[in-house]
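The values are calculated or read from the model by the stated rules, or taken from the named source; none is laboratory data. Just so we're clear, the structure is a prediction, and the values are computed from it rather than from any experiment. When we count neighbours, we look across all protein chains shown, and the Cβ atoms used for this are built from the backbone with ideal geometry, even at glycine. Quick note on the areas: whole protein, heavy atoms, side chains included, nothing else; ligands and nucleic acids left out. Shrake-Rupley method; radii C 1.70, N 1.55, O 1.52, S 1.80 Å.
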Amino acid sequence: MSKLKLFAIGIPVFLILGLFTGLSRFGLINFPLSFHHGVLMLNGFAGGVITVERLLSNRNDRWFLTGLILLVCGLTLYLLGFEFGLLLVAGNIAILFLKESLVLIEKRSQNGIYQLIGLLSWFIGNLRFYQNGFYPAAVPFWIVFILMLIVGTRLSKMGKEDVISLVLSLALFFSFWLGFHGYGQTIYGIGLALLSIRLVYLELKSSTKHRLGIVISYTWLLMTGVSSLISDHILYSYDLVIHAFFLGFFFSMIFINAPDALLKKLGLEELKTFPNFWVIFLSIGLIARLIIGDIFQIQLARNIGGILNLLAIILYAVSLLFQARGNRMVAKRTER
């Protein structure tokens with residue numbers, strides 16, 4: 001087994017742990033490591049997917065492989081109780097940042113700026129969390145991390161460099177230095193809302209595939225911004241903001257972009273992924289969980305929505321695995 005496959009196995013393991021720690025935080029099951037749900041999903045899954053994607057694009061680059069090893073080993077040590085493991089994860093971020101800086105110097109594209117803003121936000125968020133173990137201090141930076149990488153990727157796919165989107169992105173990043181509560185929070189919420197509107201406008205003007213899923217995903221980004229602005233008036237505002245973004249926006253974008261990114265690089269481009277279906281399925285659970293459950297404070301709806309979200313992610317992954325297995329069996333029969 002190659003080193004890439006050996007350490008890449010850690011990414012789905014972190015995802016599975018993250019999903020079950022999420023159910024544990026709902027009180028639906030008793031599962032250890034529940035406090036680490038956010039770290040598992042953000043660093044283990046999201047950060048792992050991004051690192052593997054970079055490595056698959058540069059298979060002969062040992063620096064990216066070193067970064068993946070640092071991430072998997074660092075997060076494993078952290079889960080075992082050694083907090084310095086997050087510093088190893090920071091080493092992976094530093095490698096990605098350095099590599100992206102070199103690409104920006106060479107190509108000088110806006111996409112590189114988005115990538116650097118995102119990676120810097122990931123680093124700062126992890127540093128904040130390492131200092132005090134306080135999720136609310138880290139989550140806004142983690143949101144910008146994921147958002148910037150997606151914005152840069154989507155604009156690159158459309159062949160666009162948009163000054164308005166870049167200005168809004170920079171405003172989101174610098175809003176933290178104003179103090180997140182107060183002016184910073186206002187700029188953050190308005191920035192997320194305006195950026196979602198601007199991006200969906202650009203997407204609809206271009207020849208974008210899976211338009212329904214795209215519109216729904218940006219709607220969840222809009223919900224993240226609006227929820228941030230009115231968070232003082234919602235009991236479960238923290239859950240609403242976080243999962244409108246990380247489930248509603250981020251996972252919808254995974255369903256939409258996976259066929260064009262990781263799957264092709266893994267040689268699985270022939271799989272049928274039905275992005276719009278999975279985005280709708282995920283959103284049904286989110287409506288139950290966030291709209292009915294969080295806003296109207298109905299715990300049963302929150303529980304049902306959480307279970308539906310878990311099913312959407314697991315069934316999506318299972319459908320890809322079964323298709324990949326079936327394709328390989330067909331290929332072997334054809335070779336005979």
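Quick look at the numbers
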| item | result |
| --- | --- |
| For I187: the one exception among (1) under 21 Å from the mean Cα position of the chain (by Cα); (2) of a type in the set (V, I, T); (3) in a helix (DSSP H, G or I) | (1) |
| Members of the stretch 207-219 found to be open to solvent by 20 Å² or more (accessible area, probe 1.4 Å) and in a helix (DSSP H, G or I), listed by number | R211, L212, V215, I216, T219 |
| Qualifying residue in the stretch 107-130 (condition: over 19 Å from A90 (Cα atoms) and outside any helix (DSSP H, G or I)) | yes |
| Residues within the stretch 119-139 that are open to solvent by less than 50 Å² (accessible area, probe 1.4 Å) and in contact with a helix residue (DSSP H, G or I) (Cβ under 7 Å, 6 or more places away or on another chain), tallied | 11 |
| Pair list, Cβ < 7 Å and 6+ apart or interchain, from the stretch 295-308 residues that are without any contact (Cβ under 8 Å) to a residue 12 or more places away in the chain to residues that are of a type in the set (V, I, T) | I298/I292 |
| The stretch 54-93, residues that are in a helix (DSSP H, G or I), over 21 Å from G38 (Cα atoms) and either at pLDDT below 90 or not β-branched (V, I, T) (or both) | R54, L55, L56, S57, R62, W63, F64, L65 |
| Count of residues meeting criterion [touching a residue at least 24 places away in the same chain (Cβ under 8 Å) and either closer than 11 Å to I117 by Cβ or under 14 Å from the mean Cα position of the chain (by Cα) (or both)] in the stretch 155-177 | 5 |
| Filter result (more than 19 Å from L172 (Cβ to Cβ) and in contact (Cβ under 8 Å) with a residue 24 or more places away in the chain) within the stretch 211-242 | L212, G213, I214, I216, I234, L235, Y236, D239 |
| Selected residue (only one of I11, I16 is open to solvent by less than 20 Å² (accessible area, probe 1.4 Å) and either of a type outside the set (K, R) or not in a helix (DSSP H, G or I) (or both)) | I11 |
| Members of the stretch 212-244 found to be under 20 Å from the mean Cα position of the chain (by Cα), over 15 Å from L194 (Cα atoms) and not aliphatic (A, V, I, L, M), listed by number | G213, S237, Y238, D239, H243 |
| Of all residues in the stretch 285-306 being within 19 Å of the chain's Cα centre (by Cα) and among the hydrophobic types (A, V, I, L, M, F, W, C), the one that is nearest to L247 (Cα to Cα) | L286 |
| Residue within the stretch 216-230 that is at pLDDT below 90 and hydrophobic (A, V, I, L, M, F, W, C) present | yes |
| Contacts under 8 angstrom Cβ, first residue in the stretch 19-45 being in contact (Cβ under 8 Å) with a residue 60 or more places away in the chain, partner assigned to a helix (DSSP H, G or I) and of a type in the set (D, E, K, R), 6 or more apart | F26/R302 |
| Qualifying position, being open to solvent by 10 Å² or more (accessible area, probe 1.4 Å), among the hydrophobic types (A, V, I, L, M, F, W, C), closer than 25 Å to G85 by Cβ and touching a residue at least 60 places away in the same chain (Cβ under 8 Å), among L116, L149 | L149 |
| Where F35 falls short, out of the listed (1) open to solvent by 30 Å² or more (accessible area, probe 1.4 Å); (2) touching a Gly at 6+ places or on another chain (Cβ under 8 Å); (3) modelled with pLDDT of 85 or more | (2) |
